[in-house]
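Quick note: the coordinates plus some simple rules give every number you see, no bench work behind them. The shown structure was predicted, so the numbers you read here are calculated from the model rather than taken from an experiment. Using ideal geometry, Cβ is built from the backbone for each residue, glycine included, and neighbour counts are taken over all protein chains shown.
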Amino acid sequence: MRRPWIVGVLVAGLLLGACGDPSSGPGTPPPSAPDVSATTHQRAPASPSARAPVQAPTVLYLGDSLAMENHKVLGQELRRDLRAKYTSAPYSGTTLCDYLEGTGERSLVPARDKAAALVRSLRPDFVVLQFWGNAWDFTWCMDRITYDGSRERYFERYEADARRLVEQIATAGGSHRPRIVWVLQGPDPITPDRVRRVNGLYERLAATTGGVVADAGRAVSPGTDRYAWTQYLPCTAYERAHPDYCTQPSRDRTALHRDDDYLHFCLAPTTSTPKPCPVRSPGILRMAREITKTVRQSAS
């Protein structure tokens, strides 16, 4: 960055509370924002190893504030590329346990938008999970277990919640079990090892439970180091051809983050009410395209 950023990063980390909007902390759960588009789709058989092609898949997208800022763009990409029927229900500041049934008032996600409830009602072919990993004491369902407070307890709890979420989604799907797409996270300049371990957990779960990973985090990482955080990357050919996505064409580079926000990829300021990113943002498009590519490859 042009100015020293580490102090700002630390302050932002405390305010954002595991990638939540600063206004969306416990006590004021953000409103649901489901986004639905109707198209036809085929249902895949229950066995992940014997899936038939899904020409126009039904996709459910759940997650935290990264999903909140991404979800409109991801829907556009999935509809255009796959004619997907798409529903999203992201909530800022959340983590995996918020989407578990049985958490009740201790969750930032209401009962109607729990993962299993949405799977039962929508019968999706894919459930895309976008969770950076709640590393701070930001949502009640984590029982104040934080990465800084006790790293091993944090990872044990996070894995237990992830496995419970897989089980609840599978049970809700019944004979039409959806495939889970775990979105791998981008670099974290404060706790880089945490992101490696969270991504490793997602990869293990995908390998052992019939899921798949979408390495969206690689799309916002330097080619030389998957876990090196950077505010800027060289413009891609697409970004050069679409100047709104190449923010500094004279330097052939584009911005992934604002100067005051190391975590989110929306180039507009954070607002008091969580909402989709209102401006074209290269990092968001890069990640949405990677997720779309993964769904397309898995559906074919």
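Which far-off residues, 5 or more places away or on another chain, put their amide H under 5 Å from the one on TYR232, with H placed in the peptide plane?
LEU256
May I ask you to list the lysines whose Cα is less than 23 Å away from that of LYS275, ignoring any residue fewer than eight positions away on the same chain?
LYS72, LYS85, LYS114
Treating cross-link reach as a plain straight distance, find the aspartates and glutamates whose alpha-carbon is under 13 Å from the alpha-carbon of LYS293, omitting any fewer than eight places away in the same chain.
Correct list for LYS293: GLU77, ASP81, ASP215.
In whole angstrom, and with the biggest value first, how far do the Cα coordinates of the range 190-252 range along each principal axis?
45, 27, 17
To the nearest 20 debye, what charge dipole does the range 72-136 have about its Cα centre, counting +1 at the Cβ of each Lys and Arg and -1 at the Cβ of each Asp and Glu?
300
Report the label-to-label distance for ARG296 and ARG83 in nanometres (one decimal), using points 7 Å from each Cα along the Cα→Cβ vector.
1.5
Can you list residues from other chains, or at least 5 along the same chain, whose modelled amide H is less than 5 Å from the amide H of ALA214?
TRP182, VAL183, LEU184
Evaluate the Debye formula for the range 94-206 with equal point scatterers sitting on the alpha carbons, no solvent, and hand back log10 of I(q)/I(0) at q = 0.12, 0.19 Å⁻¹, in q order, two decimals.
Computed log10 I(q)/I(0) values: -0.41, -1.00.
Within the range 201-229, find all residues whose amide N lies under 20 Å from a label point positioned 7 Å from the Cα of ARG151 along Cα-to-beta-carbon.
201-204, 226-229
Where the convex hull is taken over the Cα atoms of the range 176-300, what is its projected area averaged over directions, in nm²?
9.6
Give me the Kirkwood hydrodynamic radius of the range 63-105 in Å, from all C-alpha pairs, to one decimal place?
Evaluated over the range 63-105, this radius sits at 11.5 Å.
Could you compute the FRET efficiency for GLN76 and ASP143, with r as their C-beta to C-beta distance and R0 at 35 Å, rounded to 0.05?
It comes out at approximately 0.40.
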